[in-house]
Amino acid sequence: MLINWSAPRHVYIVCGKTDLRKGIDGLDLIVEENYGLQLGNDSLFLFCGSRTDRFKGLYWDGEGFVLLYKRFENGNLRWPRHRNDAVSLTSYQIKQLLQGIAPLPIKRVKTAIKGTIY
């Protein structure tokens, strides 16, 4: 089965690191217990481990679970490691992720140094 990344109603990226040794049941448990989300509402969940050249996807197609595994031969993903939540992605953000562009950029706040005027 080839996946159309824009076909599911919701595509969630699970930020941080996930143990990719987990299978369908383990990933489903992460989604339900850690984020309170359900797989049965036409949602695709994307997970990444410590290596950013591969990721897993978990999707319920109405009849059963589909477990996807993608490994890039050239290039890496810019997976958000700075947060630990599940974030819904737009079609544009999914395209960015698959092109190696960070879909959730880090918002950097410049702090004022005491006695310095900006």
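The values are calculated or read from the model by the stated rules, or taken from the named source; none is laboratory data. Source: prediction; values computed, not measured. Methodologically, a virtual Cβ is constructed for each residue, glycine included, from the backbone with ideal geometry; neighbour enumeration extends over all protein chains shown. We work out accessible area using only protein heavy atoms, side chains counted, and drop any ligands, DNA or RNA first. Shrake-Rupley method; radii C 1.70, N 1.55, O 1.52, S 1.80 Å.
Tabulated results
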quantity: Separation between Cα centres of segment 2-76 and segment 77-111, rounded to whole Å; calculated: 16 Å
quantity: Heavy-atom accessible area order for PHE72, PHE45, PHE65, largest first, 1.4 Å probe; calculated: PHE65, PHE72, PHE45
quantity: With every protein chain in place, the chain: carbon and sulfur % of accessible area (1.4 Å); calculated: 48 percent
quantity: SER43, SER88, ranked by accessible area, largest first (probe 1.4 Å); calculated: SER88, SER43
quantity: Cα-Cα over 18 Å, subset of LYS22/LYS95; LYS56/LYS107; LYS17/LYS107; LYS22/LYS56; LYS56/LYS95; calculated: LYS22/LYS95; LYS56/LYS107; LYS17/LYS107
quantity: Under-5 Å amide H pairs with VAL66, H placed in peptide plane, nonlocal only; calculated: TYR59, TRP60, ASP61
quantity: Average accessible surface area per residue within the chain, 1.4 Å rolling probe, Å²; calculated: 66 Å²
quantity: Whole-number D in µm²/s for the chain (Stokes-Einstein; Kirkwood sum over Cα pairs; 25 °C, 0.890 mPa s); calculated: 160 µm²/s
quantity: Spin-label pair ASN34/ASP19, simplified geometry with 7 Å Cα→Cβ offset, distance in nm; calculated: 1.1 nm
